[in-house]
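Peer 1: Dropping the structure in here first, questions after.
Any read-out appearing in this document is the output of simple, stated calculations on the displayed coordinates, not a laboratory observation. Here the structure is a predicted model, which means the values were calculated and not measured. Cβ: placed from backbone, ideal geometry, glycine included. Neighbour counts: every protein chain shown.
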Amino acid sequence: PMMQKSLLSFFKTA
Amino acid sequence: MLEARLQTGALLKKVLEAIKELITDANFDCSDNGIALQAMDNSHVALVALLLRHDGFEPYRCDRSLALGVNLVSLSKVLRCAGNDDIITLKADDTADVLSLTFENTDNDRISEYELKLMDIDSEHLGIPDTTYEAVVQMSSAEFARICKDLQVLSDSVQIDVTKEGVKFGAKGELGSGAVTLKQNGNVDKEEEATLIELQQNVSLNFSLKYLVNFTKATPLASRVSLSMSSEVPLLVEYKMEAGYIRYYLAPKIGE
């Protein structure tokens, strides 16, 4: 099973 | 204040079609550089970054930076009132409480004017790190749209494998499996249809097809698309326009 990652774990709030 | 006149109004209509299903509200950030937008979808899985550079407008005037908070469904409804060949002028004053839109036909004997109420949007602006991608695939945008749509019949996700020979899109589901491989073919007669691969390292990544299919709503904006990938980082799907771009970022699916 694959888990959908969130973008927030890669991109930081500026 | 902002004043931006777009000779080919159809461009703005197409841009709205390409983003309105992914995001509902967004700020159009206007500056002397042009009009930009950055917004994530509600589930924080995908992000749209749009730039319409100032040189795509004639004239373009923005003496003070403005954030125009727009409901994209409303804007796309108003833009449907513009003819495909109309010239579109956008105007907003510094209070930014309405966006004025003027549509002029090419004969210049029909002028329609609309005002769209703007809203305050608290948007999180994300810092996107500069990334050197391990694999960059450039291909026909229509081909990419077709592959995503075809594979959606089988599964809700796609595995993309890039090697120097080519790029393979594969899907597995309850009814079976399917794969489409495009070989690198820089020598084809039709440049627009060539598949070109720049590779530092082979990559194999999984993504949601629902989002990719959504991104392909930008297909009418560009004949080419680029897919930039590195292991376990978001995919970048870019459609380049004459004066700007639309970029989509999509977080990968990762095995547990």
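Peer 1: Within the set of other residues whose C-beta is less than 15 Å from the C-beta of B:L154, count the net charge using Lys and Arg as +1 and Asp and Glu as -1. Display every interim value, and only then the final one.
Peer 2: Numbers: positive: B:R146, B:K149, B:K168, B:K172, B:K210; negative: B:D150, B:D156, B:E174.
Here the count lands on +2.
Peer 1: Around B:K172, under 15 Å between beta carbons, what's the net of Lys plus Arg minus Asp minus Glu among the other residues? Don't skip to the end; give the middle numbers.
Peer 2: Working: positive: B:K168, B:K253; negative: B:D150, B:D156, B:D161, B:E174.
Local charge sum for B:K172: -2.
Peer 1: Please go through the residue pairs B:K149/B:K253; A:K5/B:K13; B:K20/B:K183; B:K13/B:K253 and name each one whose alpha carbons sit more than 27 Å apart in this structure.
Peer 2: On the way: B:K149/B:K253 19 Å; A:K5/B:K13 31 Å; B:K20/B:K183 33 Å; B:K13/B:K253 32 Å.
Table pairs above 27 Å Cα-Cα are A:K5/B:K13; B:K20/B:K183; B:K13/B:K253.
Peer 1: In addition: Quick check: pseudo-label points 7 Å beyond the Cα along Cα→Cβ at B:A36 and B:Y114, how many nm apart are they?
Peer 2: 2.7
Peer 1: Separate question: Starting from the stretch B:24-87, pick out the trypsin sites (Lys or Arg not before Pro) whose DSSP state is loop and whose Cβ has at most 15 other Cβ atoms within 10 Å. Intermediate results must be reported in sequence, preceding the final value.
Peer 2: Values: sites: B:R53, B:R61, B:R64, B:K77, B:R80; in loops: B:R64, B:R80.
For trypsin sites (Lys or Arg not before Pro) across the stretch B:24-87 that sit outside H, G, I, E and B with at most 15 neighbouring Cβ atoms in 10 Å, the list reads B:R64, B:R80.
Peer 1: Please give the contour-minus-distance gain from B:K210 to B:S177: 0.36 nm per residue of separation, less the Cα-Cα distance, rounded to one decimal in nm. Working shown, then result.
Peer 2: Values: separation 33, 0.36 × 33 = 11.88 nm, distance 1.71 nm.
That works out to 10.2 nm of additional length.
Peer 1: Taking amide hydrogens as modeled 1.01 Å from N in the peptide plane, which residues meet the under 5 Å criterion relative to B:V203, leaving out close sequence neighbours?
Peer 2: Result for B:V203 returns B:V162.
Peer 1: Averaged across the residues of B:170-183, what count of C-beta atoms belonging to other chains lies within 10 Å of each residue's C-beta? Write out the running numbers ahead of the final one.
Peer 2: On the way: counts 0, 0, 0, 0, 0, 0, 0, 0, 0, 0, 0, 0, 0, 0.
For this peptide, the per-residue mean of nearby foreign Cβ atoms is 0.
Peer 1: According to a simple spin-label model (label point 7 Å from Cα along Cα-to-Cβ), what is the distance in nm between B:A142 and B:C81?
Peer 2: Taking the simple label geometry, B:C81 and B:A142 are separated by 3.4 nm.
Peer 1: Report the local net charge at B:F207: Lys and Arg +1, Asp and Glu -1, summed over other residues whose C-beta lies under 11 Å from its C-beta.
Peer 2: Values: positive: A:K5, B:K210, B:K253; negative: B:D156.
Summing Lys/Arg as +1 and Asp/Glu as -1 gives +2.
Peer 1: I want to check the label-to-label distance for A:Q4 and B:S65. Put each point 7 Å from Cα in the C-beta direction and report it in nm to one decimal.
Peer 2: 3.2
Peer 1: Something else now. Which aspartates and glutamates, on any chain, are close to B:K77 with Cα under 16 Å apart, when same-chain ones fewer than 8 places away are left out?
Peer 2: B:E17, B:E21, B:D25, B:D86, B:E113, B:E115
Peer 1: Enumerate the calculated ³J(HN,Hα) couplings along the stretch B:84-101 in order (Karplus 6.51 cos²θ - 1.76 cosθ + 1.60, θ = phi - 60°), each rounded to whole Hz, writing x wherever the residue is Gly or Pro.
Peer 2: Taking θ as phi minus 60°, the curve returns 5, 9, 5, 8, 10, 10, 9, 9, 8, 8, 5, 6, 6, 9, 9, 10, 8, 10 Hz for the stretch B:84-101.
Peer 1: Would you grab the residues whose amide H sits under 5 Å from the one on B:N27? Only those 5+ places off in sequence or on another chain, please, with H modelled 1.01 Å from N.
Peer 2: Those lying under 5 Å, H to H, from B:N27 are B:Q38, B:V70.
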